[in-house]
Amino acid sequence: MAYQAFYNKYRPQTFDEVVGQKAVVATLKNAIKENKIAHAYLFCGPRGTGKTTMARLFAKALNCKSGIGNQCNTCDSCQAIIKGEHPDVIEIDAASNSTVDSVRQLIDSVSYQPIMSRYKIYIIDEVHNMSNSAFNALLKTLEEPPSFVVFILATTEPQKILPTILSRVQRFDFSKVMKKDLIFNMDRILKNEHITFEEGALDLIASLSDGGVRDSLSLLDQAVSYSGDNLTVHDVDTLFGLMSIEDEIHLINLISGKKTDEVIKLIKDKYDKGIDIIRLHNDLIALYKDALIYSITKDSGLLEKANLEQIKLIKDDVSSLNRYIKELIVSKRDYRTADNVFAHFELALLGLMTEETSHPTVILQKEKTVDVNSIVKKAQESEQLKTKPVTITKTNVKKGFEAKKVEEIKTEDKIVYSADEILNLMEQADKEERLKVAGKWGLLQNLFTSKRAYEARALASCKLRLVAKDILLVTSNLTSEVNKINNKSSQNILMDISQELFGKAYHILPIPDKEFMDCYMSYKTGKKVDIREPNIDFGTEKKESNSTQFFDELMNG
């Protein structure tokens, strides 16, 4: 006999065997018992939560030969449904039958009496794939079908279904199955298969399945194939590219201690062994969340990812935990656009080990609110700031010209730099000066509605990396954001912004995240740096002004 996957072999055959979904089961049972059977149902919810299985069980209960509401699994009707051969239980995949013609064929067959049962049941899976015209063709039949016909629609995306359809069905929302129910179900199956296991292994698989019964059994099947007759936590970690909780907590403590070298070496070693970076990222968020909840409530019953002994090993305070969680959630969003997932993860961890967030929120008290733009304007009028003219081709000179579009930037207008110059800036980085600038980074939002909004928004989307020799080095993982300001013709505007917000006319050097990371790794591994003055052509001389102190006093309140 051919091998059967766990999710097929142990598919529930009665309502009582369903994992989770107790409210749905109870409602359907009562409807059958009280003979309040609707003509159309909509089963919606996440994938793998039992929608199609429930539809088959409902069909079985309506047509069982031993009496309506029963599921004997021995009569001809029940056996035919189990085998998928029942002539009166028609399953349709809407993904491949979404056209009007397919629906018309279905409508034509609806009027025929059942062949061997009480009810003729149409189960339409993934119904959201049907076209609007197909839905409209089905409307009248769905509203007033023959008395012996029941429609059961199943979908993972109910928001895509026409409101006119939703108003004609009874809707049942299937929820994700609780972790303890998934573990109980897997425990039952492994004992039936005579396979020994560690409790922690089932806990990990339940976490990975994200509330889906089918996913949990698919992962369990895969894990058993790998491990044989004894399933261990180590097997699950190895197979699915996971780090043990102990290793993850060790990583967290290294981050807390700002042990950069050890953090990079640890995650690189794990990555080389096949670790799933995005899952590790999610695990760190979960552990920090557990630590934060326990720090506030001291209730170990609220922990999800780790137990009490493990959480007590995390020593960060509430403020740090909050910052770590926020930074990791923000960086998680960028994985879909990251060219190098591992490099992006490294940069995220490096961000955790800095004192300031990349985009701090600045709150101005009402009594200290000032009109920054008007004061800056007065300061500029009182002192002419000298700048070296920027060379712009005649084709780009326009009346009221503010900033060139990215596609108009010429190659010769780009700011050229070398890896050695970036390394040199790292060697001469001023940490205290960076902290001062980072503390005012949020003020960039004040310029989002000004004439310099184009440059201000681009600069705000970047992450401040270092300050050295009157240069602010910023990075972004989006090349488009780097290109917006990586040109000499923008320097005057950027220096004006810098003067206004940070109290000093810094040159702005924007580079891609990956280039910065490559240089940083080279710097940390001991590359020899020839310390010298940076020689990067920004196309303009730094503005000279005696108003630095004025702006510092202004911005510091």
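What the table shows:
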read-out: Kirkwood hydrodynamic radius over Cα pairs of the stretch 1-153, then Stokes diffusion coefficient at 10 °C and 1.306 mPa s, in µm²/s; value: 98 µm²/s
read-out: Beta bridges per DSSP with both ends in the chain, % antiparallel, nearest 5; value: 15 percent
read-out: Pairwise Cα inverse-distance average, inverted: Kirkwood Rh of the stretch 130-175 (Å); value: 11.6 Å
read-out: Relative packing of 17-29, 463-475, which averages over residues the other C-beta atoms within 10 Å, highest first; value: 463-475, 17-29
read-out: Per-q log10 I(q)/I(0), the stretch 113-260, q = 0.14, 0.17 Å⁻¹ (Debye; single scatterer per alpha-carbon; no solvent); value: -0.83, -0.94
read-out: Compactness index (Cα Rg / 2.2 N^0.38 Å), the stretch 439-478; value: 1.20
read-out: Over the chain, relative contact order from alpha-carbon pairs under 8 Å, at least 6 apart, %; value: 10 percent
read-out: P(r) histogram, all alpha-carbon pairs of the stretch 86-151 included - 10 Å bins from 0, percent; value: 22, 55, 22, 1
read-out: Cα gyration tensor of the stretch 451-497 - equivalent ellipsoid semi-axes, whole Å, descending; value: 15, 14, 9
read-out: Sorted peptide list for 455-462, 160-167, criterion being average Cβ within 10 angstrom, highest first; value: 455-462, 160-167
read-out: Charge context of Thr49, other residues only, Cβ under 12 angstrom, K/R +1, D/E -1; value: 0
read-out: Overall form of the stretch 202-256 per C-alpha gyration tensor (a/c, 1.5; a/b vs b/c); value: oblate
read-out: Prolate/oblate/rounded label for the stretch 73-122 (Cα gyration tensor, a/c 1.5); value: oblate
read-out: Semi-axes of the equivalent ellipsoid for the stretch 216-361, Cα gyration tensor, largest first, Å; value: 26, 20, 14
read-out: Per-residue HN-Hα couplings for the stretch 151-163 [Karplus 6.51, -1.76, 1.60; θ = phi - 60°; Hz; x = Gly/Pro]; value: 9, 10, 9, 10, 7, 9, 9, x, 5, 8, 8, 4, x
read-out: In sequence order, calculated HN-Hα J values of the stretch 118-128 (Karplus, 6.51, -1.76, 1.60; Hz; x Gly/Pro); value: 6, 10, 9, 10, 10, 9, 9, 8, 6, 5, 5
read-out: Pairwise label distance in nanometres, Phe148 with Ala419, each label 7 Å out on the Cα-Cβ vector; value: 7.8 nm
read-out: Amide H partners (placed H, <5 Å) of Arg168, local residues excluded; value: none
read-out: For the chain: span of alpha carbons on each principal axis (Å, largest first); value: 96, 56, 48
read-out: Rg/Rh for the stretch 95-196, where both radii come from Cα atoms and Rh is the Kirkwood radius; value: 1.13
read-out: Cα convex hull of the stretch 244-300 - mean projected area over all directions, nm²; value: 4.2 nm²
read-out: Computed [θ] at 222 nm, deg cm²/dmol, the chain (DSSP H ≥ 4; -39,500 (n - 2.57); rounded to nearest 500); value: -14000 deg cm²/dmol
read-out: Residues of the stretch 70-118: accessible area per residue with a 1.4 Å probe, Å²; value: 59 Å²
read-out: Rounded to whole Å, sorted largest first: equivalent-ellipsoid semi-axes of the stretch 15-81, Cα gyration tensor; value: 19, 14, 11
read-out: Relative counts (whole %) of C-alpha pair distances in the stretch 140-201, using bins that are 5 Å wide; value: 3, 12, 18, 13, 9, 8, 9, 10, 10, 6, 2
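The values are calculated or read from the model by the stated rules, or taken from the named source; none is laboratory data. These numbers come from a predicted model, not from an experiment. Cβ sites come from the backbone with ideal geometry, for glycine too, and all protein chains shown count toward neighbours. Surface areas here come from the heavy atoms of the whole protein model, side chains and all, with no ligands, DNA or RNA. Shrake-Rupley method; radii C 1.70, N 1.55, O 1.52, S 1.80 Å.
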